[in-house]
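The values are calculated or read from the model by the stated rules, or taken from the named source; none is laboratory data. This is a predicted model, so every value here is computed, not measured. For neighbour counting, all protein chains shown are included, and Cβ atoms are generated from backbone atoms with ideal geometry for every residue, glycine included. Keep in mind that these areas ignore ligands, DNA and RNA; they rest on the heavy atoms of the full protein, side chains included. Shrake-Rupley method; radii C 1.70, N 1.55, O 1.52, S 1.80 Å.
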Amino acid sequence: MLKQWLAVLLVMGTCSFATFAQRPRAITSDTPQPANVAPPPAPSTVKAKYEGGVFGYPHKKTGTLTVDDSNSRLIFRDDKQKELFSIPFGAITGAYGDVHSVQPKAATVISNVPTIFALPARMVKTNVRYLTIQYDDPDSKVAGTTSFRLDNQQLLESVLYSVATKASLTKRGEVYVRKKD
């Protein structure tokens, strides 16, 4: 009987210690806050996957996203470098970066097969980064929201900053918007 009580106390002590060790730390006012520093300059062309949102282009495509300074526009080209569409900087009304945690297809398949690996496979997640752009083009009278999947967070931040700067957008929190005249 004593051994059972000792085992219960040991388990409870371990659980309470683990709970105490996981509590969040308080932020003190003397902690220096990082300044808003511009990200490194974006390359003129980056690999991207078009996720949808432009009228006339309903399918996802892999290609490149180019910041065209000379013509003041953002261009998406497919794998063969054929221009599919462009968005003029003047038509961009908002832009932001977004990160989603998704389960890879292989992990989804393994998690649905009744094996010992099913439970750990359900915990496998990857972060997917999206550049989301809202636009309203007065020339074509088309408006919408489109998104592009980018490789990493640093690339997302630099492309977002570059597009927002060239489109004369103002930062509000984590998003960039065009102020109304």
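Some values worked out for this structure:
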{"item": "Selection within region 35-54 - assigned to a strand (DSSP E or B) and either more than 17 Å from the chain's Cα centre (by Cα) or without any contact (Cβ under 8 Å) to a residue 24 or more places away in the chain (or both)", "result": "Thr45, Val54"}
{"item": "Test result for Asp79, open to solvent by 70 Å² or more (accessible area, probe 1.4 Å) and touching a residue at least 40 places away in the same chain (Cβ under 8 Å)", "result": "no"}
{"item": "Residue within region 126-136 that is in contact (Cβ under 8 Å) with a residue 40 or more places away in the chain, loosely packed, with under 13 Cβ neighbours inside 10 Å and out of contact with any His (no Cβ under 6 Å at 6 or more places or on another chain) present", "result": "no"}
{"item": "Criterion violated by Gly90 - all others in (1) in contact (Cβ under 8 Å) with a residue 24 or more places away in the chain; (2) open to solvent by 40 Å² or more (accessible area, probe 1.4 Å); (3) touching a strand residue (DSSP E or B) at 6+ places or on another chain (Cβ under 8 Å); (4) not basic (Lys, Arg) satisfied", "result": "(3)"}
{"item": "Residue check, Gly13 among the small types (Gly, Ala, Ser), in a helix (DSSP H, G or I) and at pLDDT 90 or above", "result": "no"}
{"item": "Subset tally (residues that are open to solvent by 10 Å² or more (accessible area, probe 1.4 Å) and within 15 Å of Gly56 (Cα to Cα)) for region 137-167", "result": "8"}
{"item": "Cβ pairs under 8 Å, 6+ apart, first in region 143-170 and more than 18 Å from Ser44 (Cα to Cα) and without any contact (Cβ under 8 Å) to a residue 24 or more places away in the chain, second open to solvent by less than 80 Å² (accessible area, probe 1.4 Å) and assigned to a helix (DSSP H, G or I)", "result": "none"}
{"item": "Flag if Val102 is open to solvent by less than 70 Å² (accessible area, probe 1.4 Å), under 19 Å from Asn152 (Cα atoms), modelled with pLDDT under 75 and in contact with a strand residue (DSSP E or B) (Cβ under 7 Å, 6 or more places away or on another chain)", "result": "yes"}
